[in-house]
Structures are given as C-alpha cells and as structure tokens.
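Student: For reference, the structure I am asking about is given below.
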Amino acid sequence: MLPINEGCVYSDINAGVLYVLAISSLGVYGIITAGWSSNSKYAFLGALRSAAQMVSYEVSIGLILINVLLCAGSLNFTEIVLAQQYMWYGIPLFPILIMFYISILAETNRAPFDLPEAEAELVAGYNVEYSAMGFALFFLGEYANMILMCSLTTIFFLGGWLPPLNIALFY
C-alpha cells in the first residue's frame, strides 16, 4: 500500500490510509490472544495492559492524521506525497509532527512508553511464556510495526520520495 516512488506502488487505492490504519490495528487481537493462550494470568494481564496502551494511542494517531488528510485533501498515499511537492507538511505542521512522533513511540512500545513489555519487572508482559520461534515472531511483528510507523511519518510529514526543496539545478 505504501508508495516507493510515483507509479511504484503495489496497490494504489483511494482509501489507502484507512486500509493501513485498519490492518495495523489488528495487532491488538494477536497480543490479547497470545496473552490468553499462554494460560498464565500474569501474561494475560500483561496482554491487557499492552492492548489498552495500543488502542488508546491509535486514537490519537488517527486524530493527528486528520490534519494531514485535510491539508492533502485525499486518503490516497500517492496524492498525499504529491501534495507536498512545494513544501513538506513537517514544516507548517511541526507541532503535529511532534505529537505524531510521541504517539508512534507509545504505539510501538518504545522508551519511555515501554511499560507493556515491562522488561525490568519479573514478569515481562504478554510474551513471558514464549521462547524460540514464538518469541522471535513477537519481535518480528514489533519491528515490522516500527518500520510501518517510520514509513507513515515519511509519507505524511517528510514528503515521501520528494526532495526537501523542489529546486531544479541546471548546469
């Protein structure tokens, strides 16, 4: 769904932003199911704590993105990038960029919002009963979510594939 360059996108649908937000919010179900299926009350409580944090910050991300969507006038990723042809949205919407950054730190459970994993505690959240490939799959999903959030930041605020200044340099 995320464009790499103009015309270089797997599926360029008009409601791409809604689709990506809907698919990325499905991770909450996996975390709750993982905490429940480990048959440990501590893992289940850690899963509920993580799900509550993820759901609460998804709401703030959605409300923040409404500003960018109003500026671009479209839900299509390619059109959002092309709307930033003369000025990236990170410049006029800098306070919103900071709020988005804080929200994606909380969404991806990075410091200082790393409470759901609770690595300093005795029980480390929803993944306490998992090892080997199950544990690796949790972290693979977590890092894929971080890559997605970085890509969304680039598309929404940093102009995607466009240069910072649209100046044609002729020799």
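Student: Being in contact with a Phe, Trp or Tyr (Cβ under 8 Å, 6 or more places away or on another chain) and assigned to a helix (DSSP H, G or I) is the filter; apply it to segment 33-48 and report the residue that is modelled with the highest pLDDT.
Tutor: The initial filter retains those residues of segment 33-48 that are in contact with a Phe, Trp or Tyr (Cβ under 8 Å, 6 or more places away or on another chain), namely 34-36, 38, 43-44, 46-47.
Imposing the further condition that a residue be assigned to a helix (DSSP H, G or I) reduces the set to 34-36, 43-44, 46-47.
Details: 34: 86, 35: 86, 36: 90, 43: 83, 44: 87, 46: 82, 47: 85.
Out of the qualifying residues, it is 36.
Student: Turning to a different aspect of this structure: Report, ordered by the first and then the second residue, all pairs with beta carbons closer than 9 Å, sequence separation of six or more or different chains, a first member in segment 1-16 that is in contact (Cβ under 8 Å) with a residue 40 or more places away in the chain, and a second member that is part of a loop (DSSP other than H, G, I, E, B) and loosely packed, with under 11 Cβ neighbours inside 10 Å.
Tutor: 1/10; 1/11; 2/10; 3/10
Student: Right, another one. Could you list all residues from segment 69-95 that are aliphatic (A, V, I, L, M), touching a helix residue (DSSP H, G or I) at 6+ places or on another chain (Cβ under 7 Å) and touching a residue at least 40 places away in the same chain (Cβ under 8 Å)?
Tutor: To start, the set of residues in segment 69-95 that are aliphatic (A, V, I, L, M) comprises 69-70, 72, 75, 80-83, 87, 91, 93.
Subset that is touching a helix residue (DSSP H, G or I) at 6+ places or on another chain (Cβ under 7 Å): 69, 72, 75, 80-81, 83, 93.
Hits for segment 69-95 are 69, 75, 80, 81, 93.
For (1) more than 23 Å from residue 114 (Cα to Cα); (2) at pLDDT below 90; (3) touching a helix residue (DSSP H, G or I) at 6+ places or on another chain (Cβ under 7 Å), each residue gets a yes or a no:
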position: 13; (1), (2), (3): yes, yes, yes
position: 23; (1), (2), (3): no, no, no
position: 60; (1), (2), (3): no, no, yes
position: 67; (1), (2), (3): yes, no, yes
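Student: Spot the failing condition for residue 101; the list is (1) farther than 29 Å from residue 163 by Cα; (2) at pLDDT 85 or above; (3) among the hydroxyl-bearing types (Ser, Thr, Tyr), and only one is missed.
Tutor: (1)
Student: Being under 16 Å from residue 149 (Cβ atoms) and of a type in the set (Val, Ile, Thr) is the filter; apply it to segment 1-28 and report the residue that is surrounded by the most Cβ atoms within 10 Å (Cβ to Cβ).
Tutor: Per the stated criteria, the residue is 17.
Student: How many residues are more than 14 Å from residue 58 (Cβ to Cβ) and outside any helix (DSSP H, G or I) when one looks only at segment 1-32?
Tutor: 15
The values are calculated or read from the model by the stated rules, or taken from the named source; none is laboratory data. Being a predicted model, the structure only gives us computed values, none of them experimental. Ideal geometry is used to build each Cβ from the backbone, glycine not excepted, and the neighbour counts take in all protein chains shown.
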